[in-house]
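One structure is given here, and the rest of the page talks about it.
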Amino acid sequence: MTALAVLLTGLLFGGMTFYSFAFAGFLFRHASPEEAGRLLRLAFPAFYLATIVTAGLAALAAFAIDRTAALLLLAVVLTTIPARQALMPAINRATDTGAKARFAWLHGASVALGLAQIAAAGWALLRLA
């Protein structure tokens, strides 16, 4: 069970880090801002769903090994659900209506949440490894 918990948590940490720092940056470097935004809008629901599923499975695998790691992973699940269901649509609405100040605030909140989730997954991975 330890190997499964480590592998799932490593997958979560690596996937979140890659998506946040490499994928989004790649899109904005190699596509127009409009096309990059369109592609990110298409990718985010799948990214969030993969994060929820992977973090949930990792939390289950980690529960018997390290309860703190399991709770960190569960926190990722529980914060990704409202990010997917409420924060992401609010960011899209702000973009669509040209509400630049609202977009900036919501996007900043999204970035801060993502960084906190990456830190939580990394901390869980260190505890499990």
The number of residues in the range 37-60 that are open to solvent by less than 70 Å² (accessible area, probe 1.4 Å) and in contact (Cβ under 8 Å) with a residue 12 or more places away in the chain is 16
Matching residues in the range 1-31 (without any contact (Cβ under 8 Å) to a residue 24 or more places away in the chain and either open to solvent by 30 Å² or more (accessible area, probe 1.4 Å) or aliphatic (A, V, I, L, M) (or both)) number 14
The helices (runs of 4 or more DSSP H) lying entirely within the range 1-94 that contain at least 2 residues which are of a type in the set (S, T, N, Q) and over 15 Å from the mean Cα position of the chain (by Cα) are none
Yes/no for ALA64 being closer than 26 Å to MET1 by Cβ, modelled with pLDDT under 95 and either open to solvent by 30 Å² or more (accessible area, probe 1.4 Å) or touching a helix residue (DSSP H, G or I) at 6+ places or on another chain (Cβ under 6 Å) (or both) = yes
Of those in the range 77-101 that are open to solvent by 60 Å² or more (accessible area, probe 1.4 Å) and touching a residue at least 12 places away in the same chain (Cβ under 8 Å), the residue nearest to ALA59 (Cα to Cα) is ILE81
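The values are calculated or read from the model by the stated rules, or taken from the named source; none is laboratory data. Because the structure is predicted, anything quoted here is derived from the model rather than measured. In this analysis, Cβ positions are derived from the backbone assuming ideal geometry, glycine residues included, and neighbour counts consider all displayed protein chains. Accessible surface areas use protein heavy atoms only, side chains included; no ligands, DNA or RNA. Shrake-Rupley method; radii C 1.70, N 1.55, O 1.52, S 1.80 Å.
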